[in-house]
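Asker: First the structure, then my questions, so here it is.
The values are calculated or read from the model by the stated rules, or taken from the named source; none is laboratory data. No experiment lies behind these values; they were computed from the predicted model shown. Cβ coordinates were reconstructed from backbone atoms using ideal geometry, including for glycine residues, and neighbour counts include every protein chain displayed. The accessibility values were calculated without ligands, DNA or RNA, using every heavy atom of the protein model including side chains. Shrake-Rupley method; radii C 1.70, N 1.55, O 1.52, S 1.80 Å.
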Amino acid sequence: AVSRGPLDASNRADEMTSPNDGGSTVEEYGHGTAVIRDDGGRYHYRNAMGDRVRSFESEDRARLYADIQTVTGGFREEKTGERGVPPAVARSLDENLLMAYHVATPSMGVTWTARAFGVDESTVRSAVGVIRDRADERRDE
C-alpha cells in the first residue's frame, strides 16, 4: 500500500452531521461519498446523503476512514461512543479492520492501537495497508 501520511498524531476533531456546505473535494468515492476539505483546513468524510459524518485534522485519517467505509459496505456511527466500534466493524471479526478503525479514530492512532492489541506498531501499519488495498480492490470492481 502507498503511504498516505502520518497516522500517529492523536488530533481530536468533532464529528459533524451538517450537510455539505462548502469546501473542496479531495477525493470522490462510489455512491456519492467523498473526502472534502473545508476552508479551515479540516477534512470530512461525506456520506451518500451529503452529510459530514466524521471530521479529521488529518487527510490521511479521513482517507483511511473512507477506505473502512468501502470495505464494510458502509456503517453508521450513532451511539458508538468515544472509544466504541460500530457494529458493522465489530461483527466483521477482522482484526485488520478493527485495527484500521482505531487508527482512523481521531483520539487514537498507531501507538494507541498497538498497545491496545498487544502488537508492534509495524503490525498495525501492515493491517492499515491490508484495508487500504482491500478498499482499492473493491473500488476497482
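Asker: Please count how many residues of the range 37-60 are open to solvent by less than 20 Å² (accessible area, probe 1.4 Å), under 16 Å from THR70 (Cβ atoms) and either in a strand (DSSP E or B) or free of Cβ contacts under 8 Å to residues at least 24 places away in the same chain (or both).
Answerer: 2
Asker: Considering only helices (runs of 4 or more DSSP H) fully contained in the range 70-130, which possess at least 2 residues that are out of contact with any Asp or Glu (no Cβ under 6 Å at 6 or more places or on another chain), hydrophobic (A, V, I, L, M, F, W, C) and closer than 21 Å to SER58 by Cβ?
Answerer: 95-104, 110-117
Asker: Further question: Within the set of pairs 6+ apart or on separate chains, which have a first residue in the range 110-121 that is open to solvent by 60 Å² or more (accessible area, probe 1.4 Å), a second that is in a helix (DSSP H, G or I), and C-beta atoms under 6 Å apart?
Answerer: Between residues of the range 110-121 that are open to solvent by 60 Å² or more (accessible area, probe 1.4 Å) and residues that are in a helix (DSSP H, G or I), the close pairs are GLU121/VAL110; GLU121/ALA114.
Asker: Another question about this same structure. Six or more apart or on different chains, Cβ under 9 Å: which pairs go from a residue in the range 126-139 that's touching a residue at least 24 places away in the same chain (Cβ under 8 Å) to one that's of a type in the set (Phe, Trp, Tyr) and part of a helix (DSSP H, G or I)? Could you list them?
Answerer: Close Cβ pairs satisfying both conditions: ALA127/PHE117; ILE131/TYR101.
Asker: While we're here: How about the range 48-62: which of its residues are under 18 Å from PRO86 (Cα atoms) and either within 11 Å of the chain's Cα centre (by Cα) or of a type in the set (Ser, Thr, Tyr) (or both)?
Answerer: Those that are under 18 Å from PRO86 (Cα atoms) and either within 11 Å of the chain's Cα centre (by Cα) or of a type in the set (Ser, Thr, Tyr) (or both): VAL53, ARG54, SER55, PHE56, ARG61, ALA62.
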